[in-house]
Amino acid sequence: MVKGRCLELENYIHAGKCRKNKDNKVVLPSDGYIPQYPKKLYYKDRLEEWHCLNPGNLATGNLSANAAPDAQQQQAMNNMQAPAAATL
């Protein structure tokens, strides 16, 4: 959930028009910062302008092979037990 509960921003994130980076900042789907446009004060307007100029650029997912698990995920992994090796 986005801090401050801006429902419009949450909708944009859910639609893939922007996302949160590792520093919890709102960025473009390509991880670039949202550009400044003349007469575009709000993120919503700036994101719409960027998407008009760059159609088809949506965030698809935030997973990567080297993503570090958070504390809850690490605890769940630690609680998993490997299956016992079969002995002959």
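So the values come out like this:
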{"item": "Under 16 Å from the Cα of LYS39 - aspartates and glutamates, other chains or at least 8 residues apart", "result": "GLU48, GLU49"}
{"item": "Sum of side-chain charges, CYS52 neighbourhood, beta-carbon under 15 Å (Lys, Arg +1; Asp, Glu -1)", "result": "+2"}
{"item": "J(HN,Hα) series, the stretch 14-21, from Karplus relation 6.51 cos²θ - 1.76 cosθ + 1.60, nearest Hz, glycine and proline x", "result": "4, 6, x, 6, 7, 7, 9, 8"}
{"item": "Local electrostatic count, TYR33, Cβ distance below 15 Å [Lys/Arg +1, Asp/Glu -1]", "result": "+4"}
{"item": "ASP45-ASN21 FRET efficiency (beta carbon distance; Förster radius 22 Å; 0.05 resolution)", "result": "0.60"}
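Where a number appears in this text, it was derived from the coordinates with a stated rule and is not lab data. It should be emphasised that the depicted structure is a prediction, and the values quoted were computed from it without experimental measurement. Reconstructed Cβ throughout: ideal geometry from the backbone, glycine too, with neighbour counts over all protein chains shown.
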